[in-house]
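Notes follow once the structure below has been shown.
Where a number appears in this text, it was derived from the coordinates with a stated rule and is not lab data. Since this is a predicted model, take the numbers as computed values, not measurements. Note that we place each Cβ from the backbone using ideal geometry, even for glycine, and neighbour counts take in every protein chain shown.
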Amino acid sequence: MSQSTRPAPALYTQLDITSSPNPVAGPATGTSLEQSQLLRDILQAVDRQNELMEELIAQVSLGQKQRQHEISQWKEANPRLAKSCRVASEALAKVQTEFLATLTTEINENPEVLMDGEFMLNEFIDRYGPRLAHLNGVLQVLAQLGGETPSPAGAVS
């Protein structure tokens with residue numbers, strides 16, 4: 001089996017780094033123009049990317065402002081319920097603290113059991129995971145609905 005060898009194109013180009021009083025005009029000038037154009041293209045792409053990021057930020061903040069406005073309107077329409085949500089979220093935060101204390105105590109007392117046995121780890125996750133996730137979700141909703149409405153700048157509460 002004979003392998004035919006084809007000449008491979010050069011992977012690197014040579015660059016003359018010697019100092020000369022007169023720059024050589026020719027292929028280097030074409031390369032310089034190509035590099036300048038490439039840099040302009042990169043700059044144009046970065047500028048476009050920045051414009052898109054600004055539009056994205058504007059869209060996200062618009063959605064957040066709309067949501068905050070809706071929550072503020074709901075609080076104004078339901079002041080007693082908003083206050084009740086705030087009180088409930090404070091009470092539930094205490095429950096969450098106790099729940100986390102129980103969870104961390106169990107982890108700290110039996111770390112080797114959880115690491116060694118997949119069955120015990122699954123039991124632990126089944127016991128605490130859904131409860132923790134649901135508790136966090138309910139607490140977040142109550143805190144958001146019962147939270148203080150930001151007062152306008154300069155207003156005294």
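All Cα-Cα distances of region 79-148, cut into 10 Å bins from zero to the largest, leave 20, 38, 23, 14, 5, 0 percent in each bin in turn.
Listed by chain and number, the lysines whose C-alpha is less than 22 Å from the C-alpha of Lys75, apart from same-chain residues fewer than 8 away, are Lys65, Lys83. Please work out, to two decimal places, the log10 of the ratio I(q)/I(0) at q = 0.15, 0.17, 0.22, 0.23 Å⁻¹ from a Debye calculation in which every Cα of region 29-77 carries one identical scatterer. Here the Debye-derived log intensity ratios amount to -0.59, -0.65, -0.78, -0.80. Converting phi to 3J(HN,Hα) with the Karplus coefficients 6.51, -1.76 and 1.60 and the offset θ = phi - 60°, region 51-64 yields 4, 5, 5, 4, 5, 5, 4, 4, 5, 5, 5, 4, x, 5 Hz in sequence order, with x at every glycine or proline. When you count the other C-beta atoms within 10 angstrom of each residue and take the mean per peptide, 81-90, 116-125 line up highest first as 81-90, 116-125.
Per-residue Karplus couplings for region 100-117, computed as 6.51 cos²θ - 1.76 cosθ + 1.60 with θ equal to phi - 60°, are listed in order as 5, 5, 4, 4, 5, 4, 5, 5, 5, 7, 9, x, 5, 5, 5, 6, 7, x Hz, Gly and Pro entered as x.
Remark: relative contact order (region 79-148) = 65 percent; criterion is Cα-Cα distance under 8 angstrom and separation of 6 or more residues.
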